[in-house]
Amino acid sequence: MTFNATVAGVPRIGPDRELKKALEGYWRDNSTGRNLATTATRLVNDYTDELLAAGLDSAAFSGRSFYDAVLDTTALLGLLPERVADIADHDNDGLPRFIDRYFAAARGTKELPASAMTKWFDTNYHYIVPELAKDSRVELDDSAFLEDIRDQVTRAGEAVRPVLVGPLTYLALSRTVDGSDAFAHLEEIFDAYSRLLKRIADRGVKWVQFDEPILVTDFAYADAAANEDLLKRTRAGYEKLVEAAGAGDEGVNLLIQTYFGDGNAAIELLSGSGVAAFGVDLVTGGAAAAELPAWNGKELLAAGVVDGHNVWRTDLDAALKTLQGLKERGPVAVSTSCSLLHVPYSLQREQNLNAEVQKWLAFGSEKIREVAALSRTLRGEQTEADEQLFAETREAIEDRKNSTLTHNAAVRERQDAVTDADRRRDSIEARREAQKAELNLPPLPTTTIGSFPQTTEIRQARAKHRKGEIDDAAYTQAMKDEVADVIKRQEELGLDVLVHGEPERNDMVQYFSEQLDGYLSTEHAWVQSYGSRCVRPPIIFGDVSRPHAMTVDWYKVAADLTDKPVKGMLTGPVTMLAWSFVRDDQPLGETADQVALALRDEIDDLIAAGARVVQVDEPAIRELLPLRKEQQPDYLKWAVGSFRLATSGAENKVQIHTHMCYSEFNELIDTVSNLDADVTSIEAARNGMQVLAALKDEGYELGVGPGVWDIHSPRVPKQQEVDDLLSAALDSVDPSLLWVNPDCGLKTRGWEETTASLEVLVSAAKKARERV
Ligand code: GLN
Ligand code: ZN
């Protein structure tokens, strides 16, 4: 039993975001359940059809998904949180019976909080965190899943390959609500999967895939010794699964899939256990990942040579060479490096891309074609069309290498001339002195993170402008009015450092990417971020530069209306990369420095226009942190370096702020200090200022604004709560360094709760000032 060509996983949201629309319809009005069910069915069917039509002979199939694959697994294992248990199951127009409990876990209800959501490894996809307790019991709830499989088998026969989250990864990503050990459930989940495999086998399935990406992280490398017992139990679990699956042509074969890093540890752990194949990422993870020393040719290798995480054409000649080398060592199938969930569906949908750049790109459909062509060529069955694809690719790659779009001489020259001195400001003492004289702020100054409510009027004006229903002048005037309103409100509230409110920004990355050279925006290239939410990341294709100032006019509109300092607002280099598709033809650090130089010029222009406070947001600095510790220092070096390159041109009297929002901060405190921003605002309200204790231990000496208002819900904090948070902050932070601000920007909030909450915040600051 073998196969030749496949992909590691499939997208679910639909080429036109059909699932998004059906989901949002269902959430508004349950009567559209039938529509949701048939939409989801059609999407999985269409995708299977596309894979097979392209010539793939094994089709990854993750079932109809209604929100997130980890949550699907949770429901399948009967592990939805206890608090949703009272929501009744019902027959619902072809939807799984648990659908209302499932959505209650994903999104919460009026009464019940939602489960936590967090980023899937180092991607911008979010999964719903499983919540377990000591007495959680696995109870397969597989009727919906089995029905989906039956339908798929009718459609695609033995090519259907159901995908499940592997037990180790599932538990490693879960949290326990009672402090018990999540891994206590490991054997139980293996047992449940054993029962499931038998049922799947009965339906004529020949392959099942278990995703175990946790095995590319330090869990199986730096921390392997500490996890030795768990790794052994995992091997034992898979041995039992193999037994349950039955052997050879009669039974089900297991494919163990890893991605986002080096697959060697997974192979070392599970080779010889009876699993039939390993799927590995040969694109990310360094030299060892590419050479795969652990693979001894015993099991089939699904070689992920086509990048599932980025949008560039595969160098087919190079990939073929890799595949031929591997084929000498054992049986090889061609695959993608990870699920195609992370790239847009098809390049064919884009009508207005730069024609030259378009030739360099490959989205989902194009990647499927690459896999098929590589597989046929590897087997000596290359078609004429394949040959043409190889030729076309050669040309595109050559063109990309030599294009003036990728090589802007002026940018290169400037970059080559950067010295360490360009990444260094004067001493913090000298800066503090100069800023004090310039800004003349009260102790515990109050400010916000940048955005104010993006009201329906703002979004409607933007939509009308896009459709050409209002002209540039009318749109700009509407936004200016908005800025004026925001300034007036901040003055009334008594805030100390004001912002213009960011009404003109659709998104903090897209806004800048649209104005920078070297960046490209798409029209239809949506990828799922979480649930029904999609993003359209811009593409960095070439050397980045700034043809004109990007924010200065907006700064001036605001600054002219007030005597108080107004913060200039920029998005930092790391975040500009994290939320885009990046170049794969130069190190990320080089691209980050190009963005940094553009921002450096923007800061110069802001200062020339009178700005004395400039904030450079870096909310994504943690997200790009490599999964393996050994790779983190290099990353942090360029990440910090690019931030400093962007900001170090500012003279002493100019106060540089940065903002980061996530609570797991402790491992990054050094990094925050190295950024050397005069003031850093961070998320802190939800975990009650815990992060500050760590800052204190580190002897942190720069300004800090721990959020005192959790902006993630419309709830207005009580005066006492904010007073308490501020007192707690003062226990750890010297009063001369402390700022008072919310956790994050306010664009998702309404005005009512914003005004009420900021009143509370300002009053807490005023009271605390009297005490210090
Ligand atoms: N300045 C941005 C805002 O306020 C920051 C957003 C973020 O941290 N994600 O919206
Ligand atoms: Zn934030």
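Table: residues versus (1) in contact (Cβ under 8 Å) with a residue 24 or more places away in the chain; (2) within 16 Å of ligand 1 (Cβ to nearest atom); (3) more than 23 Å from ALA611 (Cα to Cα); (4) buried (at least 21 other Cβ atoms within 10 Å of the Cβ).
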{"residue": "SER642", "(1), (2), (3), (4)": "yes, no, no, yes"}
{"residue": "LEU645", "(1), (2), (3), (4)": "yes, no, no, yes"}
{"residue": "LYS653", "(1), (2), (3), (4)": "yes, no, no, no"}
{"residue": "HIS659", "(1), (2), (3), (4)": "yes, yes, no, yes"}
{"residue": "ILE669", "(1), (2), (3), (4)": "yes, no, yes, no"}
{"residue": "ASN674", "(1), (2), (3), (4)": "yes, no, yes, no"}
{"residue": "SER681", "(1), (2), (3), (4)": "yes, yes, no, yes"}
{"residue": "ALA685", "(1), (2), (3), (4)": "yes, yes, yes, yes"}
Test: residue in the stretch 486-504 that is touching an Asp or Glu at 6+ places or on another chain (Cβ under 6 Å) and either in contact (Cβ under 8 Å) with a residue 12 or more places away in the chain or more than 16 Å from ligand 1 (Cβ to nearest atom) (or both): yes
Which numbered condition ARG622 fails, given (1) over 22 Å from VAL509 (Cα atoms); (2) within 15 Å of ligand 1 (Cβ to nearest atom); (3) open to solvent by 40 Å² or more (accessible area, probe 1.4 Å): (1)
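Check GLY279, GLY237, GLY263 and return the single one that is more than 28 Å from VAL306 (Cβ to Cβ), modelled with pLDDT of 95 or more and open to solvent by less than 30 Å² (accessible area, probe 1.4 Å).
When all the criteria are applied, what remains is GLY237.
Going by what's in this entry, would ALA650 be described as small (Gly, Ala, Ser), more than 16 Å from ligand 2 (Cβ to nearest atom) and part of a loop (DSSP other than H, G, I, E, B)?
Answer is yes for this residue.
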Residue in the stretch 371-386 that is within 23 Å of GLY286 (Cα to Cα) and of a type in the set (D, E, K, R) present: no
Condition met for ALA391 (under 30 Å from THR48 (Cα atoms), open to solvent by less than 50 Å² (accessible area, probe 1.4 Å) and touching a Phe, Trp or Tyr at 6+ places or on another chain (Cβ under 6 Å)): no
Candidate set from the stretch 715-772 (those that are among the basic types (Lys, Arg) and out of contact with any Pro (no Cβ under 7 Å at 6 or more places or on another chain)); member that is most open to solvent (accessible area, probe 1.4 Å): ARG771
ASN402 open to solvent by 80 Å² or more (accessible area, probe 1.4 Å) and on the phi > 0 side of the Ramachandran plot: no
Check on ILE449, buried (at least 23 other Cβ atoms within 10 Å of the Cβ) and in a loop (DSSP other than H, G, I, E, B): yes
Contacts under 6 angstrom Cβ, first residue in the stretch 445-456 being more than 16 Å from GLU753 (Cβ to Cβ), partner open to solvent by 10 Å² or more (accessible area, probe 1.4 Å) and within 16 Å of ligand 2 (Cβ to nearest atom), 6 or more apart: PRO445/TRP739; GLY450/GLU502; GLY450/GLY745
Helices (runs of 4 or more DSSP H) lying entirely in the stretch 93-175 (those with 2 or more residues that are basic (Lys, Arg)): 99-107, 143-156
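The values are calculated or read from the model by the stated rules, or taken from the named source; none is laboratory data. Everything numeric in this text was worked out from a predicted model, so none of it was measured. As a convention, Cβ positions derive from the backbone with ideal geometry for all residues, glycine included, and neighbour counts pool all protein chains shown. Just so you know, the surface numbers come from the protein's heavy atoms only, side chains and all, with ligands and any DNA or RNA stripped out. Shrake-Rupley method; radii C 1.70, N 1.55, O 1.52, S 1.80 Å.
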